[in-house]
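Everything below concerns the one structure shown next.
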Ligand SMILES: [Zn+2]
């Protein structure tokens, strides 16, 4: 039997194999330490892997009646450049009509495309990874300001500290990740174990 939605384990194997998920000892720009590190674009550089992940996520959306009943008049929206390949993959699998992506300009999240009020379909917001949920919240505000309705939200990986619901609907993900993050080297078990740290950019 074909497995329609791969298990968390299977998705994690893909992320490990592509280097999108690494274990070790990482120090973030904000000074926090962690034994794990996600670089989701590494999984999306392979077309086949990108397709498997996006199709799996799209199937979770298709199970929602509010979404499946409105297709193809749906917009898929990415909060940032990292979510663009996910948005294209999900759009393709759902055969949705439109794609938009936001970018940050002088600290403000905005759409690059000229989106006019009234022309935007009901929206699904998708990203590669949802960490705090801030990017999603800002995108929700942006979409609301256009007068559009949000009918779904999801990502390949969702950190457990991110909200479980957006606009009254569940946040979909292929992996719900149990984050281990230490405020400083004082609390870090890898520091205590003497594991050499690696500085990371995000
Ligand atoms: Zn450490």
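Since every read-out is calculated from the coordinates, none of them should be taken as a lab result. Here the structure is a predicted model, which means the values were calculated and not measured. Glycine gets a Cβ as well: all are built from the backbone with ideal geometry, and neighbour counts include every protein chain shown.
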CD proxy at 222 nm, helix term only [per DSSP H run n ≥ 4: -39500 (n - 2.57); per residue of the chain; nearest 500]: -8500 deg cm²/dmol
Using alpha-carbon coordinates, inclination of helix 47-62 to the longest axis of the chain, degrees: 60 degrees
Using only the Cα atoms of the stretch 1-154, build the gyration tensor, take square roots of its eigenvalues as a ≥ b ≥ c, and label the shape rounded, prolate or oblate: rounded if a/c is under 1.5, else prolate if a/b is larger than b/c, else oblate. oblate
Taking the alpha-carbon centroid of each part, what is the distance from the stretch 51-87 to the stretch 2-40 in angstrom? 21 Å
Expected max-MSF residue from 172, 192, 32 in the GNM of the chain (alpha carbon, under 10 Å) is 192
Against the longest principal axis of the chain, how steep is helix 8-18, in degrees 0 to 90 to the nearest 10, with axes from Cα atoms? 70 degrees
Simple SL model, points at 7 angstrom along Cα→Cβ for residue 48 and residue 183; separation in nm is 4.7 nm
Compute a Gaussian network model of the chain, connecting alpha carbons closer than 10 Å, and tell me which residue from 19, 168, 147 fluctuates the most. 168
Relative to the chain, whose Cα atoms define the longest principal axis, helix 84-94 and its Cα axis are tilted in degrees, nearest 10, by 50 degrees
What is the distance, in nm, between label points placed 7 Å from the Cα along the Cα-to-Cβ direction at residue 105 and at residue 66? 3.1 nm
Comparing 63, 174, 71, which has the greatest mean-square fluctuation in the GNM of the chain with Cα pairs linked when under 10 Å apart? 63
Using Cα pairs closer than 8 Å and at least 6 residues apart in sequence, work out the relative contact order for the chain, in percent. 23 percent
